[in-house]
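Engineer: Okay, here's the structure, questions in a sec.
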Amino acid sequence: MLKWIDIIKYANNGAPAPDRRVEKTEEEWKALLTPEQFRITRLKGTERAHSSELCSLFEPGKYACVCCGTLLFDGSEKFESGTGWPSFTQPVKENAVAYHKDTTYGMVRIEALCNTCDAHLGHVFEDGPKPSGLRYCMNAVSLEKVESNEQKLTFGGGCFWCTEAVFTLLKGVAKVESGYSGGKIDNPTYREVCSGMTGHAEVIEVTYNPAEISYKDLLRIHLSTHNPTTLNRQGADVGTQYRSVIFYRSEQEKEDAQAVIDELQEAYGDPIITELAPYEQFYKAEEYHQDYYANNAEAGYCQAVIDPKLKKFKALFRDKMKTETI
Ligand SMILES: [Zn+2]
């Protein structure tokens, strides 16, 4: 999650490189955009406050750059700022937005631009809601709402550092977050979950596009990359928080999950004891647990436990991996 200190850093040294670049001449942009879109995105204009209905639109969905179509914001990060401009607390990805120090009008502000095509979006301020504390004050004209058919899947298979490392590599997976599900208290901490007293399992929540990877395939990979036959245990990790569990969001998902379990039962000598439970709530874990493997590849646990898991996963599911991760 980006905080104000990151924004300052990116404004000074540049944001992380975008996934792609789109560059066009002024004439080409003019041909593509309406005069108002051109004025705001290419000439750094500002729309009138309260001029768009997008300000009070809070339904799920994503917002893309009106110039190049790159996804910039998720509706879940949108909030009512009362300013008259659509406001977000966080971009979809750390490299989606670029930042420039803007000293026009006798103020020092941080300008937000599309990192892919340099479209002017608006400004970022440090008076947004917690936890990021950021307020991306955007011109509605710079944004375009896109329909999203993304789905979420929540499951546990032992330590979430391991499961997250595996699922991040899959094609069609937009986001993986580590957290806790299936327990008795709200907003548990890692410490509380580790005590085994709260009943939560360490889980990951996978955001995926069913057109690219199916629910059943995700579960096949899940059941093939941890041991679903050991009750409340994965290797040396013992406790109910390490249980093998799938949280279904519909009766159809429950049926499909059972079908995948039946299908894979043959491959295991011992009975698969994976629990099927109705999804209730996902609590995102503390920030240092996110991307744990990517950030701590040299740590002993990663080398001893996660590396062999990844090796097995890559051998089995290479064809389902994002090209850049192979
Ligand atoms: Zn753009």
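What follows draws every value from the coordinates through simple rules; no lab data is involved. Keep in mind that this is a model prediction, so the values were computed, not measured. Counting neighbours? That spans all protein chains shown, and the Cβs are built from the backbone with ideal geometry, glycine included.
Engineer: Label 7 Å along Cα→Cβ of Thr207; segment 44-58 residues with amide nitrogen under 17 Å?
Structural biologist: Residues 58 qualify, since their backbone N sits under 17 Å from the label point.
Engineer: Among all stretches of the chain without exposed GluC sites (Glu not before Pro) (DSSP loop, at most 14 other Cβ atoms within 10 Å), which one is longest?
Structural biologist: After excluding every exposed loop site, the longest remaining stretch is 148-211.
Engineer: Here is a follow-up. In percent, what relative contact order does segment 170-279 have, based on Cα pairs under 8 Å that are 6 or more apart in sequence?
Structural biologist: 25 percent
Engineer: Add +1 for every Lys or Arg and -1 for every Asp or Glu among the other residues with Cβ under 15 Å from the Cβ of Ala119, and state the total.
Structural biologist: Local net charge: -2.
Engineer: Run the numbers on the chain and let me know its relative contact order in percent, using alpha-carbon pairs under 8 Å that are six or more apart.
Structural biologist: 15 percent
Engineer: Antiparallel versus total DSSP beta bridges in segment 151-325: what percent is that, nearest 5?
Structural biologist: That works out to approximately 85 percent antiparallel.
Engineer: Tell me the volume per residue, in Å³, of the convex hull enclosing the alpha carbons of segment 13-138.
Structural biologist: Once divided by residue count, the hull of segment 13-138 is 119 Å³.
Engineer: Give me Rg/Rg_expected for segment 151-325, where Rg uses Cα atoms only and Rg_expected = 2.2 N^0.38 Å with N residues.
Structural biologist: 0.95
Engineer: Could you tell me the calculated FRET efficiency between Glu287 and Leu57, based on Cβ-Cβ distance and R0 = 22 angstrom, to the nearest 0.05?
Structural biologist: The value I calculate is 0.15.
Engineer: What is the projected area of the convex hull of the Cα atoms of the chain, averaged over all directions, in nm²?
Structural biologist: Mean projected area of the Cα convex hull: 18.6 nm².
Engineer: What nm distance separates the two modelled labels at Asn227 and Lys9, each placed 7 Å from Cα along Cα→Cβ?
Structural biologist: 3.9 nm
Engineer: Here is the link list: Lys9/Lys175; Lys44/Lys101; Lys78/Lys284; Lys284/Lys320. Which ones come out longer than 21 Å on Cα distance?
Structural biologist: The pairs that break the limit, which is 21 Å between Cα atoms, are Lys9/Lys175; Lys284/Lys320.
Engineer: Which chymotrypsin sites (Phe, Trp or Tyr not before Pro) from segment 264-326 combine a DSSP loop assignment with at most 15 other Cβ atoms within 10 Å?
Structural biologist: Here the sparse-neighbourhood loop sites are Tyr268.
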